[in-house]
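Chemist: Here it is: the structure, laid out below.
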Amino acid sequence: GESVGLHLPTLSVQEGDNSIINCAYSNSASDYFIWYKQESGKGPQFIIDIRSNMDKRQGQRVTVLLNKTVKHLSLQIAATQPGDSAVYFCAENRGSQGNLIFGKGTKLSVKP
Amino acid sequence: ETGVTQTPRHLVMGMTNKKSLKCEQHLGHNAMYWYKQSAKKPLELMFVYSLEERVENNSVPSRFSPECPNSSHLFLHLHTLQPEDSALYLCASSQHAGTGSSYNEQFFGPGTRLTVL
């Protein structure tokens with residue numbers, strides 16, 4: 001089975017609100033995590049990444065939080081906009097293998 | 001946009017047809033990947049090439065045959081596919097292949113939407 005998964009398959013938020021998308025992983029050897037955004041008809045696009053020696057990393061309107069104790073990853077989007085509507089994937093890089101393992105994805109819908 | 005292009009964007013084929021998917025990256029990367037994306041399933045890694053050499057094959061049926069003539073181009077040759085092979089096929093590239101290397105951001109192409117009748 002998949003070790004990287006998402007708690008909610010869909011998330012609907014009001015424009016301007018903050019969004020939080022969660023991800024769980026099971027392999028403690030994973031040392032690098034990425035969030036991807038996939039819009040309809042497009043391939044996944046890199047949003048933000050974090051290494052396992054960090055707990056938090058901020059980008060433009062996005063923040064990724066890593067809790068290694070419970071093997072949990074989250075993506076926070078501030079002031080969510082209609083253009084943020086997409087499917088969001090987390091992916092983990094396992095040091096021993098090195099290839100990315102993807103979760104199923106959460107579909108974010110932004111209501112105007 | 002991402003530096004990775006894929007053609008065709010859409011493909012419909014019968015089970016007896018032979019077709020090929022093409023991927024090209026303009027990023028100077030050394031590793032290229034084929035993924036399969038089916039509805040409601042995680043991205044499935046199919047093949048990994050590093051410096052034109054296949055380094056991983058995740059138990060993919062032989063009706064899928066990859067080819068990497070150089071580090072910028074990757075093909076996926078399709079032969080006698082099944083309807084369950086219908087999916088979005090994504091190509092990606094990264095600076096290095098995953099094995100032995102951490103922090104492996106991959107850049108994806110837009111994908112080829114394949115329908116097998």
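Every read-out reported here was derived from the displayed coordinates using simple, explicitly stated rules and does not represent laboratory data. Just so it is clear, the structure is predicted and the values come from calculations on it, not from any experiment. Counting neighbours? That spans all protein chains shown, and the Cβs are built from the backbone with ideal geometry, glycine included.
Chemist: Calculate how large, on average over all directions, the projected area of the Cα convex hull of segment A:51-112 is; give the answer in nm² to one decimal.
Modeler: The Cα convex hull of segment A:51-112, projected and averaged over all directions, gives 5.1 nm².
Chemist: Distance in nm between label sites at B:ARG113 and A:SER12, each 7 Å beyond Cα in the beta-carbon direction?
Modeler: 2.4 nm
Chemist: Return the average number of partner chain Cβ atoms within 10 angstrom of each residue Cβ along peptide B:104-113.
Modeler: Mean shielding by partner chains, rounded to a whole number: 5.
Chemist: Positive end of the charge dipole of the protein assembly as shown (Lys, Arg +1 and Asp, Glu -1 on Cβ, about the Cα centre): tell me which of A:SER28, B:CYS23, A:PHE102 has its Cα farthest that way.
Modeler: Of A:SER28, B:CYS23, A:PHE102, it is A:PHE102.
Chemist: What Kirkwood Rh does chain B have if only Cα atoms enter the pairwise 1/r average? Answer in Å.
Modeler: Taking the inverse mean of 1/r over all distinct Cα pairs, chain B comes out at 14.1 Å.
Chemist: Now, a different point. Among residues other than A:THR80 whose Cβ falls under 9 Å from its Cβ, what is the net charge (Lys/Arg +1, Asp/Glu -1)?
Modeler: With Lys, Arg at +1 and Asp, Glu at -1, the neighbours total -2.
Chemist: Among the listed pairs A:LYS111/B:LYS36; A:LYS42/B:LYS18; A:LYS37/A:LYS104, which are separated by more than 19 Å between their Cα atoms?
Modeler: Those over the limit are A:LYS111/B:LYS36; A:LYS42/B:LYS18.
Chemist: If Rh is defined by the Kirkwood formula over all Cα pairs and Rg also comes from Cα, what ratio Rg/Rh do you get for segment A:31-75?
Modeler: In segment A:31-75, Rg relative to Rh is 1.02.
Chemist: Over 27 Å between C-alpha atoms is what I'm after, so list which of A:LYS71/A:LYS107; A:LYS71/B:LYS22; A:LYS56/B:LYS22 land there.
Modeler: Going by Cα-Cα distance, A:LYS71/B:LYS22; A:LYS56/B:LYS22 fall outside the 27 Å limit.
Chemist: If you stretched the chain out fully between B:ARG9 and B:VAL55, how much longer would it get, using 0.36 nm times the residue separation minus the C-alpha to C-alpha distance?
Modeler: Extra length available between B:ARG9 and B:VAL55 comes to 13.9 nm.
Chemist: Fully extended, how many nm does the chain gain between B:ASN30 and B:ASN70 (0.36 nm per residue separation, minus their Cα-Cα distance)?
Modeler: Length difference between fully extended and current span is 13.5 nm.
Chemist: In debye, nearest 20, what is the charge dipole magnitude of the protein assembly as shown about its Cα centre with +1 on Lys and Arg Cβ and -1 on Asp and Glu Cβ, if you could check?
Modeler: It works out to roughly 380 debye.
Chemist: Also, I was wondering about something else. Which of the listed residues, B:TRP34, B:VAL12, B:LEU78, is farthest toward the dipole's positive end in segment B:1-88, when Lys, Arg count +1 and Asp, Glu count -1 at the beta-carbon?
Modeler: Highest projection toward the positive end goes to B:VAL12.
Chemist: If one puts a single equal scatterer on every Cα of chain A and applies the Debye formula without solvent, what log₁₀ I(q)/I(0) results at q = 0.15, 0.18 Å⁻¹?
Modeler: At q = 0.15, 0.18 Å⁻¹ the computed log10 ratios are -0.58, -0.83.
Chemist: How compact is the protein assembly as shown by the rule of thumb for globular proteins, expressed as Cα Rg over 2.2 N^0.38 Å?
Modeler: In units of the 2.2 N^0.38 Å rule of thumb, it is 1.01.
Chemist: Name the most mobile residue of A:GLY83, A:GLY41, A:GLY59, meaning the one with the largest mean-square fluctuation, in a Gaussian network model of chain A with Cα contacts below 10 Å.
Modeler: A:GLY41
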